[in-house]
Amino acid sequence: MPLPDLTLEQVLELQAELYCGFSEPSFQEQLTELEARVGKAYVRHCDEHTQLFSTVQNQLLPSYGFEEGHRGVLQMLTVGARFNNDETFRQNRALINELLGLAPAPSRAPLVTETLSWA
């Protein structure tokens with residue numbers, strides 16, 4: 001099966017749909033339970049992470065011309081890689097990865113109250 005020839009706009013739309021699906025409360029509850037048992041995916045990615053992620057991916061990928069399952073995810077990543085130079089694409093990818101526990105949350109500067117110490 002040839003890879004779909006998606007435009008940047010279509011890839012950004014797919015990212016938005018994936019983000020919405022992964023943000024659903026029921027998905028996030030399952031992810032929280034999984035992470036409590038096995039840890040975040042960026043620390044210890046396991047088959048259970050893949051199975052959970054696929055519950056959203058398998059609903060969306062075929063409508064963009066990708067296969068279901070692991071092969072479809074690899075196809076999506078291959079097509080998306082063409083847009084690695086696009087800032088919006090990269091930001092969206094980072095947000096999705098953080099949402100899924102595939103990347104640590106970005107560090108932030110401490111609040112002023114967090115840096116004060118009282119004698």
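The values are calculated or read from the model by the stated rules, or taken from the named source; none is laboratory data. Just so you know, these numbers come straight off a predicted model, no measurement behind them. For neighbour counting, all protein chains shown are included, and Cβ atoms are generated from backbone atoms with ideal geometry for every residue, glycine included.
Some points to look at:
- Residue selection: VAL73 fails the criterion of being at pLDDT 95 or above, assigned to a helix (DSSP H, G or I) and touching a Pro at 6+ places or on another chain (Cβ under 7 Å).
- Filtered residues of region 1-40 (kept if exposed (fewer than 11 other Cβ atoms within 10 Å of the Cβ) and either touching a Pro at 6+ places or on another chain (Cβ under 6 Å) or part of a loop (DSSP other than H, G, I, E, B) (or both)): MET1, PRO2, ASP5, THR7
- Scope region 41-76; condition surrounded by fewer than 17 Cβ atoms within 10 Å (Cβ to Cβ) and polar (S, T, N, Q); matching residues: THR50, GLN51, SER54, THR55, ASN58, GLN59, SER63
- Test: residue in region 58-70 that is assigned to a helix (DSSP H, G or I), charged (D, E, K, R) and at negative phi: no
- The selection criterion, being assigned to a helix (DSSP H, G or I) and closer than 18 Å to ALA94 by Cβ, holds for GLY80.
- Any chance PHE83 is modelled with pLDDT of 95 or more, under 18 Å from PHE27 (Cβ atoms), aromatic (Phe, Trp, Tyr) and surrounded by 11 or more Cβ atoms within 10 Å (Cβ to Cβ): no
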